[in-house]
Amino acid sequence: MTERNFSTQMLGYFDGCTDELLNDLSGLIAIPSVRDLSTKSDNAPFGQSIRKAFDYLIDWANREGFEVRDHQGYALDISYGEGEEDIGILHHVDVVPAGDEATWVTHPFQLHQQGDLVFGRGVTDNKGPLMASLYILKMFKQLNIPMTHKIRVIIGGAEETTWECVEHYFRHQPQPAFGFSPDGDFPIVNGEKGILYAELQKDFPTLSDLGACQIYRIESERDRTSTCHHLSVWFSGQEAASVAQRFNSVAEVTKQKELYRVVLTTPWEKSRNSHRVQNCMDKFMAVMRHVKGVDANSKSLIDLLESCFAGSIDGAKLGLAHMDVEMGGTSCCVSSINLDEHGYNLDFDFRFPKGLTIEETRTRLQHLSQKYGVSFTEQQYLPLSYLSPESDLIQAMGKAYSEVTGMEAQCFSKGAASYARALNNGVAFGPTFPGDVTKVHEPNEQLSLESLRKAITIYVKVLISLQE
């Protein structure tokens with residue numbers, strides 16, 4: 001059966017099973033599958049909640065009669081069809097924490113429908129698209145569609161954190177001939193920038209001269225995926241009051257015994273989108289670069305920030321700014337700064353397109369760490385992903401997208417990370433369309449059912465096209 005002849009039958013199938021799909025999705029949303037290593041065990045390397053989500057999917061696959069394999073609790077795959085080559089569809093079952101539930105209109109772990117929208121943590125990222133892919137398998141099976149390529153839905157458990165899931169999976173399992181991850185945007189994300197999460201750390205020597213003012217303590221949340229959006233700074237010393245008062249117009253300033261506390265806030269934003277908001281580090285440096293008489297330990301942090309990060313969101317001050325015609329430019333974001341009497345650490349996120357290598361990046365950062373007397377630690381590295389627009393996979397995707405939407409399928413690159421990076425021949429592909437509001441990683445995460453229906457139509461067209 002060709003893709004063209006199949007379209008009407010496929011749409012009728014999904015129109016008739018929307019309630020069933022949402023019911024199965026509701027059960028998956030109800031599992032708060034957030035990484036929790038305090039509950040890890042054999043076959044549950046990411047904790048019991050993620051294990052419970054895997055078990056839910058195993059039960060679903062067994063109920064529907066699909067082949068399902070559990071890869072030591074790191075990942076699952078659920079497959080349908082025959083053929084020497086596979087088409088991989090990559091998803092993840094883990095979610096980010098819900099945060100303050102008071103900021104949610106509905107309970108984060110209860111699926112709620114309001115008109116065309118469904119709400120819940122993970123409904124877009126990535127449980128809704130995952131359940132849609134499983135229902136595509138179910139449709140192929142029930143309608144007995146001839147297959148020349150097996151379809152393998154691969155489901156990881158640590159996409160939001162360490163990526164140990166797909167690393168483990170592909171150490172033991174073959175790469176699919178084609179693959180895509182419905183964990184991005186339409187039209188086609190054919191490029192994902194390389195990502196380096198890193199830390200600079202310095203141990204303080206004991207000082208005899210504390211100067212007129214000391215930075216006594218700095219506290220911020222160590223979330224490497226966000227901008228530094230909340231920074232608390234305590235000052236001590238004879239000039240502490242006058243230094244703190246310089247922040248009066250941009251921060252909350254209070255006195256706590258002999259210390260002066262300055263609290264800086266900016267809007268929260270993902271670290272990959274640091275251009276959208278001001279960073280608390282920049283607000284801090286706007287004042288501190290003009291302060292004289294601080295102690296040597298405090299000055300070492302100020303000098304590092306001024307020379308390497310302040311006012312530089314493209315990595316230019318690190319000597320790493322680079323622009324690629326297809327993938328865009330580098331980005332750099334300070335995520336957190338923390339300091340006490342023993343020393344300080346600074347976390348940052350650096351993302352880069354093709355044309356700049358991780359080896360060049362590491363060499364430059366090692367050089368800077370030696371220059372400023374700090375230690376450089378690489379927390380995580382995710383290689384960049386790029387697939388030529390001329391590839392057979394992207395050509396099939398572009399055709400399907402244009403037929404469903406009536407618009408040309410443009411390729412573009414992102415700083416975000418999807419499982420497409422784990423594929424030798426794959427990209428991120430949907431499920432959201434230009435203009436969709438999803439609030440991924442935020443309160444009130446939502447998914448448009450009409451957009452999901454269009455995405456399913458596109459995916460089915462691509463999968464059938466690759467069978468021919």
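Numerical summary
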{"item": "Ratio of Rg to Rh over segment 288-402 (Cα coordinates, Kirkwood Rh, two decimals)", "result": "1.13"}
{"item": "Computed magnitude of the charge dipole of the chain (debye, nearest 20; Cβ of K, R +1, Cβ of D, E -1)", "result": "900"}
{"item": "Additional length obtainable on full extension of the chain from Ala212 to Ile58, 0.36 nm per residue less Cα span", "result": "49.0 nm"}
{"item": "For segment 393-468: rounded, prolate or oblate by the Cα gyration tensor [a/c cutoff 1.5]", "result": "oblate"}
{"item": "Fully extended contour minus Cα-Cα distance, from Thr148 to Asp70, at 0.36 nm per residue", "result": "25.6 nm"}
{"item": "Ellipsoid semi-axes in whole angstrom, largest first, where each is sqrt(5λ) of the Cα gyration tensor of segment 69-124", "result": "33, 16, 8"}
{"item": "Cα Rg, Dmax (largest Cα-Cα span) when computed across the chain, Å", "result": "24.7, 83"}
{"item": "Residue list for segment 376-390, given a label point 7 angstrom along the Cα-to-Cβ vector of Glu408 and an amide N cut-off under 17 Å", "result": "389-390"}
{"item": "For segment 295-401, with +1 on Lys and Arg beta carbons and -1 on Asp and Glu, the positive-most of Pro389, Ser312, Leu339 along the dipole", "result": "Pro389"}
{"item": "Cα-centred dipole magnitude for segment 327-434, charges only on beta-carbon of K, R (+1) and D, E (-1), debye, nearest 20", "result": "160"}
{"item": "For Val189, net neighbour charge (Lys/Arg +1, Asp/Glu -1) across residues whose Cβ lies under 10 Å away", "result": "-2"}
{"item": "Under Karplus coefficients 6.51, -1.76 and 1.60, residue-wise ³J(HN,Hα) of segment 114-126 in Hz, glycine/proline x", "result": "9, x, 7, 9, 10, 10, x, 5, x, 5, 9, 10, 8"}
{"item": "For segment 62-205: rounded, prolate or oblate by the Cα gyration tensor [a/c cutoff 1.5]", "result": "oblate"}
{"item": "Volume of the Cα convex hull of segment 281-328, divided per residue and given in Å³", "result": "72"}
{"item": "Lysines whose Cα lies under 20 Å from that of Lys371, excluding same-chain neighbours fewer than 8 positions away", "result": "Lys202, Lys299, Lys317"}
{"item": "0 to 90° range, to nearest 10: angle between helix 449-467 axis and the chain longest Cα axis", "result": "60"}
{"item": "Tensor-based shape of segment 388-434 (alpha-carbon gyration tensor, a/c under 1.5 rounded, otherwise prolate or oblate)", "result": "oblate"}
{"item": "Tilt relative to the chain, helix 18-29 - C-alpha long axis, 0 to 90 degrees, to 10", "result": "40"}
{"item": "Listed residue (Leu143, Val277, Pro353) projecting farthest to the positive dipole end of the chain, Cβ model", "result": "Val277"}
{"item": "Sequence of Arg362, Arg152, Arg171 when ordered by accessible area, the most exposed leading, probe 1.4 angstrom", "result": "Arg171, Arg362, Arg152"}
{"item": "Potential extension, Arg171-Glu306 segment - 0.36 nm per residue separation minus Cα distance", "result": "44.4 nm"}
{"item": "Overall Cα dimensions of segment 1-114 - principal axes, largest extent first, Å", "result": "50, 39, 21"}
{"item": "Dipole of the chain, positive direction: furthest Cα of Ser41, Ser220, Val243, with charges on the beta-carbon", "result": "Val243"}
{"item": "Whole-Hz ³J(HN,Hα) from phi, Karplus 6.51 cos²θ - 1.76 cosθ + 1.60, for segment 256-267, glycine and proline x", "result": "10, 6, 8, 10, 10, 9, 10, 10, 9, 9, 9, x"}
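The values are calculated or read from the model by the stated rules, or taken from the named source; none is laboratory data. Note that the structure is predicted; figures quoted are calculated from it, not measured. Please note: Cβ atoms are built from the backbone with ideal geometry, for glycine as well, and neighbour counts cover all protein chains shown. Just the protein is used for accessible areas: all its heavy atoms, side chains included, with ligands, DNA and RNA removed. Shrake-Rupley method; radii C 1.70, N 1.55, O 1.52, S 1.80 Å.
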